[in-house]
Amino acid sequence: MRIELYQQDTLALNDSRLALFCHKLQRGTLVALPEYTLNPFFTILHTQKMSDTLAHSSAQLKLLENLASKHYIHFIAPIITKARGTLYKQLVYISPESKKHIYYTQQRLIEYEYWDEAAYFGNPQPKSIKTPSIFMMGECKIAMLFGFEIHFDEIWCKLKAQGVDIVIMPCANTFDSANRWRELCKMRALLNGCAILRVNRVGSCKVDSEQWDFYGDSLIAMPDGTILDHLGDTQERLSITLTRAQITHIAKEWGFRKVFG
């Protein structure tokens, strides 16, 4: 199975970079986009009208649908949607083989004073975590998860119980957190016997009087706790071919994941 991590900043509606990128891809490829690539970053997003945000999301979603159909490729991408009269922060899986998309609603959101997604988005934050959305592609069980949710053990227990092979994790990591995120990805991959493909945002955003820089470092963490490959801090792409046999072989050596059926 071919996967492409598309490390990017925010894409404007008239931006042709994604379309040009998809034109060169092998049929059947899965493309993963970082957080706040189809929509503006959070600190800009919450200054917009809801109607403008939803119109923007609708146009970007239509673009992905068209690209998926035209080039026979799959997408995992963060997108802002509307439910119960408020905005939801979700991940969407778009397949060229189905008109019905698979969505995952983020269950644990950032709620820091300077970055309070929990107060802005209407996502339910259930006391009892639900199993994230899982789909099959080839022989692999794939789950999609937001980066912030890497911190919560109960989510990973759900994924481990389902025998997930690959976790696609869009992120918007900034500040001086690169080393910490590397260690988190390596640890979760090792203890869950899965591959973690973290796709992080690049670019910058002005917040009050400060500039926040998103450092990229999109990476592939394997079930033995090693980083197989990674990107730098600019607009780049990372390609990988993974098989279930490859992942389960490594996972069985360490023995932390017992669900291999």
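Can you tell me how many residues in the stretch 1-21 are under 14 Å from residue 231 (Cα atoms), part of a strand (DSSP E or B) and either touching a helix residue (DSSP H, G or I) at 6+ places or on another chain (Cβ under 9 Å) or open to solvent by 10 Å² or more (accessible area, probe 1.4 Å) (or both)?
2
Looking at the stretch 101-151, which of the residues that are part of a strand (DSSP E or B) and in contact with a helix residue (DSSP H, G or I) (Cβ under 7 Å, 6 or more places away or on another chain) is most open to solvent (accessible area, probe 1.4 Å)?
Kept after step one, since they are part of a strand (DSSP E or B), are these residues of the stretch 101-151: 102-105, 111-112, 115-116, 134-137, 140-144.
So of that shortlist, the ones also in contact with a helix residue (DSSP H, G or I) (Cβ under 7 Å, 6 or more places away or on another chain) come out as 111, 115, 140, 143.
Values: 111: 122, 115: 18, 140: 4, 143: 1 Å².
Top of the filtered list is 111.
Give the residues of the stretch 161-173 that are at pLDDT 95 or above and over 11 Å from residue 132 (Cα atoms), sorted by residue number.
The answer is 165, 166, 168, 169, 170, 171, 172, 173.
State the number of residues belonging to the stretch 167-181 that are surrounded by fewer than 24 Cβ atoms within 10 Å (Cβ to Cβ) and more than 21 Å from residue 9 (Cβ to Cβ).
2
Tally time: how many residues in the stretch 174-188 are more than 28 Å from residue 39 (Cβ to Cβ) and either of a type in the set (Lys, Arg) or modelled with pLDDT under 95 (or both)?
Number of matching residues: 1.
Considering the stretch 204-233 alone, what residues qualify as being open to solvent by less than 70 Å² (accessible area, probe 1.4 Å) and either outside any strand (DSSP E or B) or among the polar types (S, T, N, Q) (or both)?
Those that are open to solvent by less than 70 Å² (accessible area, probe 1.4 Å) and either outside any strand (DSSP E or B) or among the polar types (S, T, N, Q) (or both): 204, 216, 217, 218, 222, 223, 224, 225, 226, 231, 232.
Looking only at residues that are part of a loop (DSSP other than H, G, I, E, B) and hydrophobic (A, V, I, L, M, F, W, C) in the stretch 152-166, which one is least open to solvent (accessible area, probe 1.4 Å)?
Top of the filtered list is 164.
The values are calculated or read from the model by the stated rules, or taken from the named source; none is laboratory data. None of these values were measured; they are calculated from a predicted model. Note: ideal-geometry Cβ built from the backbone for every residue, glycine included; neighbour counts use all protein chains shown. SASA here: full protein model, heavy atoms, side chains in, ligands and nucleic acids out. Shrake-Rupley method; radii C 1.70, N 1.55, O 1.52, S 1.80 Å.
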